[in-house]
Amino acid sequence: MSNKNSDQLFQLIQSLNKGEKRHFKLYASRHKGGENAKFLKLFDLINNQTNFNEAKILAKDKALKPSQLPNLKQNLYKQIMASLRMLHSGNDITLSIREIIDNATILYNRCLYQQSLKTLEKGKELAKKYEKNVLLLDIHNLEKKLISKIVKKDIQERIDGLVPEGEQLLKKLTNINTFSNLSSKLYGLYIKLGFTRNSADFEIVNSFLYSSLPAFKEENLSLEEKMYLYNAFVAYYFFIQDYRRASDYAKKLVGLFEGNDLIIQSKLEMYVKAINSLLDSQSKLSQYEEFIQTSLKFEAIVSQESLRVSDNVNYLMFKYSSKHNLDKYFMLGEFNKGVIEVEEIASKLDIYADKLNDHSKQIFYYKFACMYFGNNQYKDAVTWLNKIINAKDEDIRSDISGFARILILISHYELNNDDLVEYYVRSTYRFLAKKDDLHFYQTRILRFLKRLNSITTAKDLHSAFADLLDHLIPLTTNPYEKRAFVYFDIISWLESKIQNRPVKEVIREKALKRIASANEKDLN
């Protein structure tokens, strides 16, 4: 029996909405014949299944033979894709331009050169208008072939115009490719390492970025070149935890889209990611007022009727909006409201289970755990932290996995699970040493937790908390140790123990002060 996660045809059919299914059946029914009737039957049988099961399909329709099924499935897949292309080509500018190029190619192959050129000119105009430079290169190459077939008096003039146009286009595409590759490679490093851990990490990332950048003048770059350049710098500054500079470039990136509805629709995914980056930087900088204003831009995407939002963008909107709804409560220190949000988001995670990668899941799990911890719900925090610790792939965000182990230690301490604290101290030490991520922050906390069992008086316990706090506070400004405090506000937890106050009360008090301070800086 095939699994629903392993059968591509099943996944494709399950992804179709009612309108798409109706269109496919109309599209397919136009073709008469036994073979078509069979794949339509197969479509209905698969569509009615909750989990893909070939044996049940064959049992329900005896006309379908096991030997025929692979070819029928392949044919059905192709027909569905053709139907989707036909249905959505008018709503997706990339598909529309590709269709024009395909039509021009068909006309060229039939020696209808004038018609081909006329068709291609429409595609060229659209590609320039919507900054579709990759498609513009395909158009340019076909246009050169066409010019050689149409002998006119102005042929030399046309060729003289095409050559520099092509050279300029190639230079533009080279820059776009370089900037895009930089972003992808930085993201790959970030997924593996998290934030820069030490000076060696910084040197690797810094030299990688600046040795890869081509010579350029920013003012001479096209809109699309700037998009990919700014995106690369946003990734770089996040990586090295320079949130102020990351915010500056995220603002520049969002600004490229402002007031340009054509570009927003054409590059909607990049626009959504740009707003997400800006919100990330604003939350890290405690810029609450700016964060709320940027959130309104995010919400406007859904409410803007003229925008055609794909399933992919809808998924990104869910992921990013969920994350930022949690960040809002972290910024305010409102953990009681935050846990309600956690429960709502967690209930929806299953809907996107096949789309969320392991990295995104770990981010959610850790944020959930921190929210519950801040609300003194330590058992719930442990539940989510265990999902991170028990994950199979430890190379994905091993930094989060390490800090999850620290937080679960503290959670078990709060739950008075002394035996588990002792166990996790040893296992956490081994994990961090193996990952070469045992820094001063981790070492001090592990030593502190290890000696807790030997402390017998309230006075000695108070002294131990104060001693750890004194050692950790200087690390909050250390460029490489401070990354730990992004994940969990242990300073506030220690202060809550010393002051004998609820941790959420301490965090909220400090959060409001940070927001007020950030507002003053922005006003100045």
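Since every read-out is calculated from the coordinates, none of them should be taken as a lab result. Note that this is a predicted model, so its numbers are computed, not measured. Cβ sites come from the backbone with ideal geometry, for glycine too, and all protein chains shown count toward neighbours.
Quick one: angle between helix 223-239 and the longest Cα principal axis of the chain, in degrees between 0 and 90, rounded to 10, please.
20 degrees
Could you list, in their original order, any pairs among K185/K226; K192/K450; K273/K355; K323/K513; K459/K504 whose Cα atoms are separated by more than 27 Å?
K192/K450
Within the set of other residues whose C-beta is less than 10 Å from the C-beta of R98, count the net charge using Lys and Arg as +1 and Asp and Glu as -1.
-2
With the dipole of the range 333-524 worked out from charges on the C-beta (+1 for Lys and Arg, -1 for Asp and Glu) around the Cα centre, which of N376, L407, F431 lies farthest toward the positive end?
Looking along the dipole axis, the top candidate is F431.
Suppose every Lys and Arg Cβ carries +1 and every Asp and Glu Cβ carries -1, with no other charges. What dipole size does the chain come out with about its Cα centre, to the nearest 20 debye?
Its charge dipole is roughly 1740 debye.
Need one word for the range 184-308: rounded, prolate or oblate. Basis is the Cα gyration tensor (sqrt eigenvalues a ≥ b ≥ c); a/c below 1.5 gives rounded, then a/b vs b/c decides.
Since a/c reaches 1.5 but b/c is at least a/b, the shape of the range 184-308 is classed as oblate.
Could you derive backbone 3J(HN,Hα) for the range 458-474 from the dihedral phi with the Karplus parameters 6.51, -1.76 and 1.60 (θ = phi - 60°), listing whole Hz in sequence and x where the residue is Gly or Pro?
So the Karplus estimates, Gly and Pro as x, are 5, 5, 5, 5, 4, 5, 5, 4, 5, 5, 5, 4, 4, 6, 8, 4, x Hz.
List the relative contact order of the chain as a percent without decimals, with contacts defined as Cα pairs under 8 Å and 6+ residues apart.
Relative contact order, the chain: 10 percent.
If you split all Cα-Cα distances of the range 426-508 into 5 Å bins from zero, what percentages do you get per bin, shortest first?
Values per bin, smallest distances first: 3, 13, 22, 23, 21, 12, 5, 1.
Tell me the net charge near L326. Cut-off is 9 Å between Cβ atoms, L326 excluded, with +1 for each Lys or Arg and -1 for each Asp or Glu.
With Lys, Arg at +1 and Asp, Glu at -1, the net is +1.
For n ≥ 4 DSSP H runs only, could you compute -39500 (n - 2.57) per run for the chain, divide by its residues and tell me the 222 nm figure to the nearest 500?
Roughly -25000 deg cm²/dmol at 222 nm, from the helical runs in the chain.
Assuming 0.36 nm per residue, please report the length gained on full extension of the stretch Q114 to T174 beyond their Cα-Cα distance.
Extending this stretch completely gives an extra 18.5 nm.
Out of N53, Q74, F39, whose Cα points farthest toward the positive end of the dipole of the range 8-88 (charges: +1 Lys, Arg; -1 Asp, Glu; placed on Cβ)?
Of the listed residues, the answer is F39.
In degrees from 0 to 90, rounded to the nearest 10, what is the angle of the helix 358-374 Cα long axis to the longest principal axis of the chain?
30 degrees
Taking the Cβ of each residue in H471, H324, H412 as the centre, tally the other Cβ atoms inside 10 Å and list the residues starting with the fewest.
Fewest-to-most ranking of H471, H324, H412: H471, H324, H412.
May I have the convex hull volume per residue, in Å³, for the Cα set of the range 8-88?
Per-residue hull volume (Cα only) is 85 Å³.
How far apart, in nm, are two points set 7 Å out from the Cα along the Cα-to-Cβ line at Y27 and at K387?
In this crude spin-label approximation the distance works out to 3.6 nm.
Counting Lys and Arg as +1 and Asp and Glu as -1, each charge on the Cβ, what is the dipole of the range 333-524 about the Cα centre in debye, to the nearest 20?
Approximately 260 debye in magnitude.
Give me, ordered by chain and number, the residues 5 or more places off K132 or on other chains with an amide H under 5 Å from its own placed amide H.
HN-HN under 5 Å from K132: empty list.
With the cut-off at 1.5 for a/c, could you classify the range 333-524 from its C-alpha gyration tensor as rounded, prolate or oblate?
Rounded shape, in that the Cα axes give a/c under 1.5.
How much FRET efficiency would the formula 1/(1 + (r/R0)^6) give for Q499 and R430, where r is the Cβ-Cβ distance and R0 is 30 Å, rounded to 0.05?
0.30
Could you point to the residue in Q265, A200, Y320 farthest towards the positive end of the chain's charge dipole, with +1 and -1 charges on the Cβ of Lys/Arg and Asp/Glu respectively?
Value: Q265.
Okay, which of the range 279-300 sit inside 17 Å, backbone N to the point 7 Å along the Cα-Cβ direction of I351?
Those under the cut-off are 299.
Only four residue types carry charge here, +1 at the Cβ of Lys and Arg and -1 at the Cβ of Asp and Glu. Report the dipole size of the range 8-88 about the Cα centre in Debye, rounded to the nearest 20.
Using only the charged Cβ atoms, the result is roughly 200 debye.
Would you mind putting 325-331, 252-258 in packing order, based on average other-beta-carbon counts within 10 Å, highest first?
325-331, 252-258
So what's the net charge close to L173: Lys and Arg +1, Asp and Glu -1, counting the other residues with Cβ under 13 Å from its Cβ?
-3
Using only Cα atoms, tell me the angle between helix 490-499 and the longest principal axis of the chain; keep it within 0 to 90° and round to the nearest 10.
30 degrees
In sequence order, what are the phi-derived ³J(HN,Hα) couplings for the range 93-103 according to the Karplus relation 6.51 cos²θ - 1.76 cosθ + 1.60 with θ = phi - 60°, rounded to whole Hz, with x for glycine and proline?
Once rounded to whole Hz, the list reads 5, 5, 5, 4, 5, 4, 5, 4, 4, 4, 5.
Report ³J(HN,Hα) in whole Hz for each residue of the range 105-111, in order, from the Karplus equation J = 6.51 cos²θ - 1.76 cosθ + 1.60 where θ = phi - 60°; Gly and Pro get x.
Listing the rounded values in order: 5, 4, 5, 4, 5, 9, 6 Hz.
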